[in-house]
Each structure stands twice: as C-alpha cells, then as structure tokens.
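The block underneath contains the structure these notes are about, expressed in structure tokens.
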Amino acid sequence: MTDDDRFVRFGTALDRLNEDEIPSKKPINIEDQIVTDENGRRRFHGAFTGGFSAGYWNTVGSQEGWKPQTFKSSRSEKAEKLSRKPTDYMDDDDLGEFGIAPQRVQAKEDFSKDRKRKLQQQSYGPIPGVPVLSQMLEPSKDKVAVRLLKKMGWKPGQGIGARQTRTEKKTVKSRNDREMYVMQKYGCELAPSTSRTTGGTRDASDQSSSSEEEDVTFAPDDFEPFACAIKSNTFGLGYTGLGGLKESAVGRSLHVNLFDGIEILDKSNRKVSIRGQAFGVGALEEEDEDIYEKDDMSKYDFEMGGKKDKKKKRPISDQDLMVIEGFQGSSANSVYHKKIFSIKLPLSFVPRNWLVRKTRFAPMDEHQNSLLRKSVDHRKRGLGRHDLKPEERGSILGESSKKGNPWLEKIAQRSLNFEKSQVITEKGEEVNIYDSAKKENEKVLEKALEITKDIDTSGVFKPFAGNEEKQARYDKFIEAKLKDDDEITKFLDDLQPFKMSPWDREMEKKEFVQARKIYQPLQGIMGERFVTEATVVAEKEQEKPKYDDKNQVIVSRVKKMWKPCSLLCKRFNIPEPFGGSMIEEKTEKKNKFSVFDYLETSINKKSDFVTPVIIPKAKEAVKPLVVQTREHKDEEVKIREPVEEMTARDFFKASSSTQDVVNPPQTQKPLVKPKPKTELEMKIEERKDQHPAEKKDIFKAIFDDSEEEEESEEEKEMTTIPQEILTSLTKPAAEANLLRNTSPPRGIFAALFNSKPKEKTEILKENEKEVVPDLGPDQYGPKLPDNLLKPKTSDLDDKLLKLLKESKKEKWVEKSSSEKKSKKRKKEKLKKKRSRSSNDSDSSSDKRRKKKRKKEKKSRK
Amino acid sequence: MPASLDLECKKIIECKQGAVRAVRYNVDGSYVLSCGSDKKIKLWNPVTGNLLKTYGGHADEVTDAQGSCDSSYIISSSLDKSIIYWDVSTGQPVRRLRLHAGGVSCVKFNEDSSIAVSGSKDHTLMCWDIRTRKLEPVQVMKDAKDCITAIVINDHKIIGSSLDGCIRHYDIRAGELTCDKIGIPVTYIVQTKDEQCLVAACLDETVRLIDNDNSGLLSEYKGHKTEDFHVECGILSNDAQIVSGSSEGSAFVWDLLEAKIQQEVFINDLRKGVVHSLATHPNNNEVVFARRGDIHVYGLG
C-alpha cells in the first residue's frame, strides 16, 4: 500500500522534482511581476510613468486615432442635441469593479424596506385618488418570513426557536435580563424601544407557577435583539449628564436649566412650581451618589412621615387609558396598526358610482332626476320668499298693519283717478288748471291780435309803425333805393313836412339809413348769401381758360444761342457749331463742400482777388453771342451780361473764333466792349510773333530772379517784374488762386510757361560763372546765354520799361498783408523801388543798405 | 384712296400690369413695349399678343420707354426720378441714371442710340451718354419753365415740349435754341416723316400741326376730349392721318390736310377709360392704343 492509496487526492499534483535537475528558470522577481488588465495591458505603471494605464495606451485616442466630432446639420437631418454624461468620459476601467464608478446593481438612496411600492392604480371613479374601499379593505398579506414562520407554527408574540420547558425558559430569561442589564449599565445605550419591551415580557412570565410539569413545553419568549444606539458623544460609557431620569436615555438634549420653574403635582393634585435656588445638595450632605443625575423635585419629600406607595400614585392608570375592567393596557408598542380583516365581495360585483352619469349626454335616471330637481328647486323659487305677499310676510314676521297719515291716504286714494293738470285744493277738490289756462291764453292772443292788427307782417318789416307818416316816408325811401348821401337828403327834404326842423330832418335821415341797413328784408339778406346753381356753373365756365379762341394761338418763335456739348455733337455725328468756339453757358459748378474752403476763403476771396487783365489785341473781336428775334420781341431777348471776370481762355477762344464765325444775318451785338489797350499790351502784341530770343527782354522783365535783383540794383529799376505773376506762378497748388484758369496755357502764356524753367536754370548757371561778370556798357543784369544773344532787332527801350513799371503800378494791386513772409521781403524791395522811382524820398536806412550792397559788390569784383 | 380706310381692331392685349402708362413700338414696329403702373415694362408681340419679357426694377410707375435702334436695349423713365437702360435679352438693368430732381416723364434715344435724352418734371432735359459708363448727363438743358412732356429727336435736333406752352428745338448743328411759344400746355409732340412739321397735342383739346422752319401754325385738329389728361397724339406712317387719344374711350383720326375727323375709333364701346397713350407703327399704318390696363392694336383695313 502506497501513500497514494491511503489519501484522497484533490487537484493535480506537481511534477516531482528531480533532485538532479536544477530548475532552469529563476522565479520571477517581485518587481517583475506586473498586473495586467483584461487586455493584457500593464495596469500599474511606475509613479513616474503615469501610474495608471488609462484610455488607449494612456492617450485619449482610439485605435483609429483621435477623431474630433464634426458638427453636421442639414435640412433633412437636424443635428441632435448632444448631452454628455460623465460616463462618456470614463474608461472601461473606471466603470469596472475597482473603478471610480463601478457598475453594479444596488439599492437606491431613498430605498426603504418598510415602504411598499404602490401599484399605480388609476381611479376611474369620480373621486380622485386611491379608492376608499381599497384603503379600508386591505388584503391580509404578511411578509414572506412571517408567513413561513406561521406555517411552521409560529404565532405573533412568540419567540423563535425550539420549544422550551419552564426551567429552560427561566434560565434563558434570566440570561437575557442579565445581558440587558449589563448592556444598560455598562454597555452602549440601547434604542428606546427595546428597553420597554423587555419589561412586558417579564410580567407575563412572572405569573407562571413553578409547579408545572417538566414535559410541558412553551414557546420561547420573544426576545428582541439589542439595538444599540450609536454613540454620538465623547463622554464616558453610561454618562448621561444632568438629564432627567426619564430622559436620561438617549438622544435628548442634556442641558438642564435649573433656574426654570419645576412643576410638580401636589398632594392634593395641585400644581406646585418651585423656583429659585433654594434647593440642591446641601453643603453638609454626605451622600453624593448620583452626581450625574438631574436634580428633580420628585426626589424631595413634601410631607412628613415616610413615602407612600408609589403604585397608587402612578399617574397613568388603566382607567385613564380607557381599558375595560378585567383587561390590562398593553405595554407593548402598538406599532402595527394595520387592520387585518377582509370582506369577500361577490364575484359579480361591479363598483359603480350611481350619481354620476357615464356621459354628459346620457339621459339621467328618472329617480335621480327628480331628486336633483328637488335639490335645485329652491334656487328657482328663491327659497319661496318672493311667493309671499307683503301681508303674508308681515303676518309671518308678526307685524300688525298700521294706519298711516290721513292726508297721504287721501292723496293715495285720489291719485288713483288723478288726471293730468289737475290740482287738489285744500278742501280736496280737483280743479283742472289746464282748461283755465287755455282760456286765458286765448284771451291774450286775441288782445295781441288786436294790437298787431295794423302791422303788416307779410311784407317788409316796418320799423316806424308807430308813426304812420314817418313809416310812409320810410317806405318811399326804401323804394327809391338811393345810395348817395346828397340824393337822400334831397329826396327826404321833398317828403318831409315843412314844419320839421333841420335837425329833425337830419336825424330822420340817419334813422332811415340805419333802419335800411338793419331791417333789410329777409329776401335781400338771403339773396346775398345764396346764388342759384346756374350762376355758379356760369362762373365756373368763365373761370375755365378759354383755349378755343383760335385767334389767340400765335406761335411765337424766339431764338437764342445754345452751345451743345462737344460730346453731344460727337455722338450726333455733327461738327460742333462754330468749330466748338462758342461761349459756354455759365456753368456754376457747385463745389462740393469742403472744410478747406474756409481756409481758402480768407485769402482768396473772389472779392479780394483782382484778376490780372492783360488784354491782347484780339480783344476787339466781336462775340458770336447773337440773339435772333423773329417777332421783334425785344423784351424776351436775353442779352448775356458782359462777363466781368473773363478767363484768359475765354479771351483766346473768342479771339480765335472770330475767323470761323459765319456772321449770322441778323444784327449782332458785341457783348464785351474792347477796353482801350495800355501801351504795354500793345508792345506785347507787337512782339507776340517774334522769335523767343527777341523777346528776351520781356522774359527778363518777368522772370528776373530776386537774388539777382539784390546784386544789381541799378538794373532793377529797369527790369522790375510784376511780382505777383511770379508769386502766383511759383505758389504751391493749395495757395494758387482757385479762380485762375488751370487749363494748359495757350498763346503767349504757353510760351511763357514753357520757357520759364529753362530760363531759370540758365540764370543759375550764369550766377555761378558770374564771379567776375564783365558787363558791357549796354548790358545790364546777368549775362544771357549765348544762344539767346542774337542781334537785337528791337530792344525794349527805357521808355517801354518805364511804362511797364507804371502800368504795373496801376494794375498790380498789392495783396493783403497776410501774405507769406517769404514774399514779404520781395515786396519790400518792390515798394522801395517804387518809392524811389516815383519820388526821391529815400529813407536813410535804404541808403545805408544800398551803400552796403555796393560795397559788397565791389569786394566781389 | 387708301387713306379713307378705317382703323380696325386687330388685337387686344390684356397687360396685367396695372394701368398702362405708355405704349411704344420698337424701331421696326415688330414689338410693343408697355409701361405699367406696377413699375414694370412688358415687351409684347403685337401680332400674336404674346408676352415676351418683363422688365422690373423701377421703383415707381414707368412713364416712358424706347427700344434702341438695334433693339438690344431699352431705355425707360420712371416717376422714381431714374432712367434705366435695360438689356433686352437678359432683362437686367445695365445702367441706372438718377440725377433728375423730379419724376422723369419721357425719354428718347437719338438715331444711333448713343445718346438718351430724358425730360423730367424738374423742368430739365438731360442728355445721357449711353456709350460710356458715366452716370452724369452730358448736357442739361434748363430752359423750360415747366414739366417736360415729350421729346423728339432727329439727326440734329432735340425737341422738347413742355407744359409751359413752349416747344424748344435744340439745334445741335446750328448751335441755337429755338423756342416756339404756343401758350397752351403741350402734352405730346411727334414729328412728321419728313421732319418738317411737328404734331403737338395741346391741353385745349386741340392737336396742332406746326411748321418747324418758321413756327407757322399749319392746322388744328379738334373734336376729341382731353380734359386734364396727358393725351398723346400720333401721325400715321403715311403722313396723311393724325391720330389722337381721347378721354372718352375713343380715338380720333383726322385727315392731315383737310383737318376733318375721318374716324372716331371706339376703343371702348361704353366710352369708358381714357385713351391716353398711343404709338404709331414706323412703317405700316398701324396704331397701338393704351387704355387702362389693355393695349389695343389697330390697323388700317
């Protein structure tokens, strides 16, 4: 027999170790043993590598990678509102057994064992809520455990366990008591219910006698297990503080106010309240047993001679508890209130509310109907009050009908057959005042008729009816319809009696005139106000403009100049009339408003500015502004006002157009009279066609540099320049005169403008060369470029220059002092020159300056 | 004598665009434009009565329209003070010209449709260069003292009639403005084929024939009723008959020379509705009348 036979084997045996063999593999080190999750991933990492394995390889991604959800919403498929739960952001691990949100079935927080789930019953009846009957008649239904126990022979009130003999029971009970005592004394506090139940059971068992036989077994006592209250304080075990004896149990507030009155029942059942500090443990008292006990007045004796039996004094007797004699009040807690009785309803029973119709439209039960009617009937009758007559009501109320005022009675009686407009006299007679009044009225009317008999009301109103003669005169006066004052007097004079004084006559006349005004016959007054329809229509007809008079329509023709726009001509494929040289209509373009307008206006107001008028020869050209009149209507002819401020362009246009204009056959009116030309202008005109080189003097005159002037003062007298031209030419754009024609220069000006810069540069060059200027006796100022120095056929002589100066004085009005500083210097010079040239009243300072300059000049030389 | 033939109704087209404010033939008379009070212009085939296109874009009633010489554009004027240059085929506005200060009452192209001239209630005539994109008029004529009612353009003249009783000839070739004062508000003018005379509808219920050269009043045509309406007149392409609308639902045809009523065309048998606008066919002897919301095509027998 081997060992194998003797033992029972469980499991699989390990391979036997061969002693020769050395285990090939080392056991795995503890640190190498890793925990893996169900996917085989390492669950716990080192602290430095992240700790947990979470997500997809410790990322928030998935196998497909991290994919953000794109929002999509179309007409057919509306985007759903996504509501995220916390679990959406959790890993599987978190939801597992050890995760932060383990998934398992568990009771809800508000789950309680003793509350049964109620079957939601719908109430079909009229009364809302759970039907009363079903509340009353509850089916007897015990808990499963109780039913099982009952089946095994258990009865309520008994303990559980095998049946015991008396002695056994006693020992068990004593043990229980002891345990309870121990628990009460030293153990934790007991739940309040348990402490009481123990007492009750004890009583019952006490009654049993000890002489019972052994073989009689009893059910074991019901023993409730200890329910220990949870200790919620930090006091020692069993400490109850100063709480009252009764309240010393658990969970009560331990605070006792000693200074409140304590109420105690007296010997004669009177309430005695004791207040103050006159109680407590005396200083000499030795006993200090129950120091934690609350001092209670019940502990004190209030009468001489020992204690009476407490039992009699027991405040709550059986009688108080309404217990029938022979019975005892149950000391057990009547927790279980459920009524356990049931009625068996017949199977065919269908509950129904008889007062309620099934539908509103179903006919009502006849009986019910009558009942209902009865119940509602009082509403209709108003409780029957209104059916009673006043007398009946009075009799009911116990009122006796009294006799009132005899006068009132009378009136009441009479008023029954009272007629309109009757008066009750004091004697009680009735008099009809209506009839009497009627009679009186008639009388008055008759009288009135008599009075007004002779007044003719049908015709014109007669203001002087009292005086017949006067009235007659008035009638005649009215008939005469005189207007003139003299006529009236004459007329009246003839009528009026001879005896009347002139004053009376005058007065009468006035009266008549006044009366005529006031007492106009109605016809006349209305006649003024109203007009027949025919007249209205006639007036309207008159108002209508009468076009149909053929003779009035005469088509009159007026002709005047009209310049079609060049583009219009182009589009119509027509050459511009007069070669496009017609004077344009004054097109006052509305300048767009600008802030800078204000800045400009201060300097360049139109009124301030005097246009330089250099009137060329062509001036005498006749304007092609022609007004042609056929009907000789001169008043309609609009003569264009001679343009005061003509731009240079206009001039030249006008002048050039003279060649092209085919003179209309009608009379022409030159609109701008040619002004008498100055000599300078004439000269300029003469030189206009000359070669530029020949015109150098003019250029000189115009474009001499200011610096040069300083050097050559003597020459300046001869070659003064209209500075304004220069300044205006050299001005920046903003400063430039807005009124000036900005179109490219033509004619002489073109030449001027084109040649200007060239000249300047050359002059500058000359200056550089001119360290030692060798000036011929004839030459003044800077040396002119060689190519310009051609044989002068016609130089402007001194006289011309003088004239130029003079003309300049006339024409070139000095600008306002608000010129720029840079120009000021030039101006000063100009002034100087002028003053010198005109009258030799040189200031000393000027002389000094002059000398200085001369010196400088010399030193340079 | 063909002139004695009467006008007969050939077609009635219900435009369904409110009241028809103006009716116009295109350059060759194959299409008809109707300007509605519902701010739309409609292009019709007058023979079949088919609606070809609707042009919407004006902000108020359309008062006048004209097709360009190549029939590819339409210019229209409206009471919204604007002039719209339309593309016929797309129906889209190519240009909107709004510089008038009042409602534009009439608009016309010149012969090659490069210039449009518009007359407005602001008393001005404006010449617009249609070829360029410029939104400003080439020229503005401010001579009239009252609303411009009609414009006639020939190869060298712009003629405008006004309610101030004048007809102004702007002669581009001569560079002069001739003002013929009739003294009675002129509601419409048309030109004879030979461009020698003007037919002017005046507010005194008279249509006048005025010589262009010497402003002589050649003839007067009476018998119709205009009341205060803007009633248009026309001259048939044979230059023999003058047509005018009337306020009593009819149109009148006069013999040009004799100035006698040749025919009263009862456009509405009940004599209701003003026949205020009409257009004569450029080649055939046809007339289109506008009455209320309909247009009536009439032709000589």
Legend entry - Relative contact order [Cα under 8 Å, 6+ residues apart], segment B:41-102, whole percent: 23
Inset, instruction - Determine the alpha carbon to alpha carbon distance for each of A:LYS570/B:LYS39; A:LYS570/B:LYS42; B:LYS145/B:LYS272; B:LYS108/B:LYS222 and list only those over 29 Å. - result: A:LYS570/B:LYS39; A:LYS570/B:LYS42; B:LYS145/B:LYS272
Inset, instruction - Given a cut-off of 20 Å, name the pairs among B:LYS10/B:LYS40; B:LYS142/B:LYS193; B:LYS81/B:LYS121 whose C-alpha atoms lie farther apart than that in the structure shown. - result: B:LYS10/B:LYS40; B:LYS142/B:LYS193
Inset, instruction - Rounded to whole Hz and in sequence order, give me ³J(HN,Hα) for segment B:151-157 from the Karplus expression 6.51 cos²θ - 1.76 cosθ + 1.60, θ = phi - 60°, writing x for Gly and Pro. - result: 10, 10, 10, 10, 5, 9, 9
Legend entry - Cα gyration tensor shape of segment B:7-300, rounded if a/c is under 1.5, else prolate or oblate by comparing a/b with b/c: oblate
Legend entry - Residue order, fewest to most surrounding Cβ atoms within 10 angstrom, among B:VAL27, A:VAL536: A:VAL536, B:VAL27
Inset, instruction - For a quick protection proxy, order the peptides A:85-96, A:572-583, B:278-289 by their average other-Cβ count within 10 Å, most packed first. - result: B:278-289, A:572-583, A:85-96
Inset, instruction - At 7 Å along the Cα-to-beta-carbon direction for both A:LEU445 and B:THR54, put a label point, then send me their distance in nm to one decimal. - result: 7.9
Legend entry - Computed E for A:ILE396/A:GLU138 - FRET, C-beta separation, R0 41 angstrom, nearest 0.05: 0.15
Legend entry - Centre separation in Å (Cα based) which lies between segment B:69-116 and segment B:1-63: 17
Legend entry - Virtual spin-label span in nm between B:ASP112 and A:VAL376, 7 Å along Cα→Cβ: 9.9
Legend entry - For B:ILE153, residues with placed amide H under 5 Å, excluding near neighbours: B:ILE159
Inset, instruction - Return a whole-number percent for the relative contact order of segment B:1-104, with Cα pairs under 8 Å and 6 or more residues apart as the contact set. - result: 18
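Give the relative contact order (percent, whole number) for segment B:7-300; include only Cα pairs under 8 Å separated by 6+ residues.
Computed over segment B:7-300, the figure is 14 percent.
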Legend entry - Built amide H within the under 5 Å cut-off of B:CYS179, gap 5+: A:VAL558, A:LYS559, A:LYS560, B:HIS169
Legend entry - In sequence order, calculated HN-Hα J values of segment B:235-249 (Karplus, 6.51, -1.76, 1.60; Hz; x Gly/Pro): 10, 5, 5, 7, 6, 10, 10, 10, 10, 8, x, 8, 7, 10, x
Inset, instruction - Take peptide A:487-498, look around each residue's Cβ out to 10 angstrom, count Cβ atoms belonging to other protein chains, and average those counts. - result: 0
Legend entry - Nonlocal amide H pairs with B:TRP128, under 5 Å, H built at 1.01 Å: B:ALA116, B:VAL117, B:SER118, B:VAL138
Legend entry - Label-point separation, B:LEU218 to A:ILE518 (7 Å along Cα→Cβ), nm: 7.5
Legend entry - Per-residue average of Cβ from other chains inside 10 Å of B:165-175: 6
Legend entry - Calculated from backbone phi, Karplus (6.51, -1.76, 1.60) coupling profile of segment B:32-43 in Hz, x at Gly/Pro: 10, 9, 10, 9, x, 7, 8, 6, 10, 10, 10, 9
Inset, instruction - For peptide B:192-205, compute the average count of partner chain beta-carbon atoms within 10 Å of each residue's beta-carbon. - result: 1
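All of the numbers you see were taken from the coordinates with simple rules; none came from a lab. Here the structure is a predicted model, which means the values were calculated and not measured. Counting neighbours? That spans all protein chains shown, and the Cβs are built from the backbone with ideal geometry, glycine included.
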